[in-house]
Amino acid sequence: MKKIPLTKSLAFFVAFIGLIHFNFGQEIASFSSLQNIGCSGTVSSDANITTTGICRSSGINLNAGGTYNSRDWTTAGVIDANDYLEWTLTPNSGYQISLSTMNITYDRSGQGPTMVDIQVDTGSGFTSIFTDAAVSAGSENNNGIDLSSIINVSGTITFRLYAFNAGSAAGTFDIEQNTAVNKGIVINGVVTALPGCVGLTSTWNGAAWLPAAPTTSDAAVINGNYNTGANGNFSACSLTVNAGFTLNVNDGTFIYIENDAVVDGNLIVQTAGNFVQNDDLGTFTVNAGGLARVNKTTAPKAQWYHYTYWSSPVVGETIADAFPFTDGDRRFYFIAANYLDTGGNDIDDNGDDWAIATGSAVMQPGVGYAATAGRFHFPGATDIASFEGPFNTGDVSTGISYNAANIAGSWNFIGNPYPGAIDFDTFYAANSGVVNGAAYFWSQATPPDTSNPGHQQENFSQNDYATYTVGSGGIAGASGVTPTQYVPSGQGFFITSVANGNVTFTNAMRMADGTSNSQFFKNAITKGKTTSNANRLWVNLTSDNGVFNQILVAYVNGATNDEDDSSYDAKRLLNADFPAALYSIIESSNKKFAIQGKNPNSLNEDEIVKLGFATNITVPTLYKLSIAQMHGDFLNNNPVYLKDNLLNTTHDLSASDYSFTSEVGEFNDRFEIGYSAAALSTDEFTVNSNSLRIIELDNNRVQFSTSDNLSIQNVFIYDLLGRQLYDFKGRNSTEVYTLSNLSSTIYIAKVALSNGSVITKKAVKK
């Protein structure tokens with residue numbers, strides 16, 4: 001072992017004194033030094049905590065090697081905020097962590113980073129706990145790093161190792177084996193059960209908390225009407241709502257309870273409110289005369305027969321009580337074990353996967369249900385459901401079915417069982433051995449049609465599903481609702497499975513905030529550039545007759561440029577006779593993708609993404625491609641170009657939308673996305689359409705004029721199906737042509753100018 005530098009010697013000495021003083025601590029978590037791809041994985045951990053392996057940040061990358069080896073560290077002599085390794089510890093509900101020491105072994109290559117700073121965040125921001133100003137190229141065992149100040153933590157503990165001052169970007173930094181069982185990092189401490197409520201009893205009297213507002217150590221008693229919208233969120237160790245009073249959890253607010261809740265009065269949680277219990281051993285009790293209710297209101301629905309996907313957040317609610325105005329033959333649940341799709345069209349072969357949910361049936365926690373608003377629903381009205389009963393809390397498990405014969409995936413219909421939002425990313429992490437990392441949300445927007453596949457005379461369109469993937473993000477369905485990682489209360493959704501078994505919802509997945517439960521069937525799309533760590537591009541396909549498709553290209557850690565699992569790449573769900581569709585193409589796959597995750601290292605000015613377009617629309621249609629959203633530094637600082645290979649035109653999509661027409665068919669070589677005009681290999685560039693003026697004269701004559709001292713070289717005229725009707729030559733800044741053979745009053749003019757630019761413009765001939 002090499003000589004320990006001064007900074008580490010001091011840390012070791014302090015840790016040694018600390019160990020003598022506190023005299024506690026055993027191994028509670030250790031992280032692999034061998035697994036190099038993705039996160040390293042956990043070798044072992046206490047049964048009452050959840051861990052992540054050692055994971056790379058976006059600024060560094062995998063380097064081939066037998067240990068957890070990373071490259072592209074900063075060459076600066078100070079920390080780069082994007083260059084770090086990260087690992088976490090989270091106590092399970094009802095437990096807390098106190099740490100004593102950490103052991104870690106690492107080394108570097110000759111050009112690797114020579115300085116290290118390890119920081120920790122227990123919920124209040126990162127602070128440095130260890131520095132190494134002289135990292136050796138030989139293996140360093142840094143044992144006994146003092147963590148004794150980290151005690152009684154009931155939330156996530158996040159460690160980050162920043163390495164810097166590398167000789168070059170090719171230099172590497174390794175997490176090496178610290179013990180004989182391949183452990184690179186070993187954390188010592190103790191995991192203990194949380195104590196009961198040991199603080200004050202804090203009582204709300206209708207005007208104020210007495211003697212003070214509650215904390216998570218205090219028992220909260222509601223002895224006067226309380227509305228979180230007016231009086232604020234609160235957290236407590238336990239909750240009692242006294243008879244005669246109402247506690248209302250308003251939209252955009254939350255209540256967090258560590259242990260038990262007892263309701264003798266009324267507890268009402270509104271559509272976008274969050275009610276959270278943390279301890280898995282905590283109970284929720286509604287006594288005689290008490291009422292606990294979760295209200296859910298959807299966005300306006302066009303017709304009574306439009307479905308909503310539900311899941312009950314309470315115990316014992318019946319189908320009839322939850323949906324009293326819905327016809328008995330319009331309330332369903334899904335039998336995943338019966339689902340068999342050997343044709344790959346996402347439709348059950350014999351139609352026995354959906355079953356009617358009888359009115360007297362009790363809604364099972366974690367199970368999804370489909371119901372219409374009912375025949376008394378007026379178009380444009382909201383859909384309202386009220387769930388009454390003790391709130392679900394603690395672990396909720398539901399069965400999952402898998403059949404390898406299902407070509408396109410084994411579908412299962414589940415739902416959020418809690419009176420508040422859950423984090424789907426956390427749900428997937430806990431259940432990844434049973435289900436895939438994509439969730440599909442039904443958001444009704446189009447009417448049923450005989451052309452849609454299914455076993456009814458008319459069936460709904462699969463284009464109405466919005467999709468979320470844990471690795472790449474979400475896309476909107478036809479309604480325009482783009483899902484996030486948060487599944488709202490009362491929400492049912494589909495997933496595909498990888499094995500038979502159970503998925504388990506836990507209190508650790510529940511969200512104690514005012515925003516995560518705000519999206520239930522709510523249109524919240526905003527076009528523009530926002531800040532995000534990963535670069536993501538959303539592109540919409542729309543038309544003048546109602547088409548809507550959205551795709552997402554996401555440059556995210558863990559994704560490759562080939563086909564990945566559905567955590568990163570999600571296929572486009574298409575009916576056999578869909579109207580029109582936009583999708584991205586992965587060269588090594590024959591599938592059509594609605595979401596494509598890509599290696600972030602491939603994002604540069606030479607990057608090209610192939611887009612596919614298909615349409616079955618036979619009437620003249622004007623389609624439009626537009627950017628819905630852009631996230632990330634690269635995309636926020638570079639233009640997004642669209643190349644139309646059919647028209648040999650390159651268009652700055654980040655400056656304006658692109659309109660086009662098309663014949664019926666599938667076109668997988670027509671469109672490409674790039675981030676420089678040069679990468680798309682064209683000399684043509686679409687400039688501001690205001691540079692071209694089109695004026696109708698008499699006797700079918702049309703005048704084309706340009707400005708900026710340019711002359712017109714060619715004018716091509718197309719109809720709305722994309723068929724070329726005229727090819728005129730020109731030499732002046734103003735030209736007049738006769739257009740007498742147009743079958744439609746609307747046409748597309750493509751004008752080539754003397755500077756090599758091309759303007760495409762829609763015009764109307766009267």
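Here, each number is a calculation from the coordinates, and none is a lab measurement. This structure is a prediction, so every number in the text was calculated from the model and none was measured. No Cβ is skipped: glycine too gets one built from the backbone with ideal geometry, and neighbour counts run over all protein chains shown.
Laid out as a table, the results:
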{"item": "Relative contact order (%) - criterion: Cα under 8 Å, at least six apart; region: the chain", "result": "8"}
{"item": "Point-to-point label distance, residue 288-residue 208, nm (Cα→Cβ direction, 7 Å offset)", "result": "3.8"}
{"item": "Folded to 0 to 90 degrees: helix 6-22 orientation relative to the chain principal axis, Cα", "result": "50"}
{"item": "Residue list for segment 64-91, given a label point 7 angstrom along the Cα-to-Cβ vector of residue 637 and an amide N cut-off under 16 Å", "result": "80-83"}
{"item": "Prolate/oblate/rounded label for segment 465-524 (Cα gyration tensor, a/c 1.5)", "result": "oblate"}
{"item": "Long-range HN-HN contacts of residue 226 with modeled amide H, under 5 Å", "result": "246, 247, 248"}
{"item": "Long-range HN-HN contacts of residue 272 with modeled amide H, under 5 Å", "result": "251, 252"}
{"item": "Net length gained if the chain between residue 646 and residue 358 were fully extended (0.36 nm per residue, minus Cα distance)", "result": "98.2 nm"}
{"item": "Under 5 Å, built H, 5+ apart or other chain: amide partners of residue 373", "result": "306"}
{"item": "In order through segment 658-665: 3J(HN,Hα) via Karplus (6.51 cos²θ - 1.76 cosθ + 1.60), integer Hz, x for Gly, Pro", "result": "10, 9, 7, 10, 7, 7, 5, x"}
{"item": "Distance (nanometres) between label positions extended 7 Å along Cα→Cβ at residue 128 and residue 499", "result": "4.4"}
{"item": "Gain on full stretching of the segment that runs from residue 76 to residue 602 - 0.36 nm per residue minus C-alpha separation", "result": "187.0 nm"}
{"item": "Cα-based Kirkwood hydrodynamic radius, segment 74-187, one decimal, Å", "result": "14.8"}
{"item": "Relative contact order (percent, whole number), segment 70-182, Cα cutoff 8 Å, 6+ residue spacing", "result": "47"}
{"item": "Overall form of segment 544-663 per C-alpha gyration tensor (a/c, 1.5; a/b vs b/c)", "result": "oblate"}
{"item": "Helix-only CD estimate at 222 nm, as mean residue ellipticity for the chain, using -39500 (n - 2.57) per DSSP H run (n ≥ 4)", "result": "-1000 deg cm²/dmol"}
{"item": "Backbone HN-Hα couplings from phi across segment 67-78 [Karplus 6.51/-1.76/1.60, Hz, Gly and Pro as x]", "result": "10, 6, 10, 9, 10, 6, 6, 5, 8, 6, x, 10"}
{"item": "Listed residue pairs exceeding 19 Å between alpha carbons, taken from 610/643; 624/729; 643/765", "result": "624/729; 643/765"}
{"item": "Where labels lie 7 Å past Cα in the beta-carbon direction, separation of residue 690 and residue 727 in nm", "result": "3.4"}
{"item": "Cut-off 19 Å, label 7 Å out along Cα→Cβ of residue 624, residues of segment 724-756 by amide N", "result": "746-750"}
{"item": "HN-Hα J in Hz across segment 130-138 - Karplus 6.51, -1.76, 1.60, θ = phi - 60°, x for Gly and Pro", "result": "6, 10, 9, 8, 8, 5, 8, 6, x"}
{"item": "Anisotropy class of the chain from Cα gyration tensor, a/c 1.5 cut", "result": "oblate"}
{"item": "Rel. contact order, % - alpha carbon contacts under 8 angstrom, at least six apart, segment 21-102", "result": "29"}
{"item": "Gain upon complete extension [residue 350, residue 215; 0.36 nm per residue less C-alpha separation]", "result": "43.0 nm"}
{"item": "Formal net charge of residues neighbouring residue 109 (Cβ-Cβ distance under 13 Å; K, R +1; D, E -1)", "result": "-2"}
{"item": "Along the chain, longest interval not containing exposed GluC sites (Glu not before Pro), exposed being DSSP loop plus at most 16 other Cβ atoms within 10 Å", "result": "1-457"}
{"item": "Per-pair calculated FRET efficiency, R0 = 51 Å: residue 710 and residue 61 via Cβ, rounded to 0.05", "result": "0.65"}
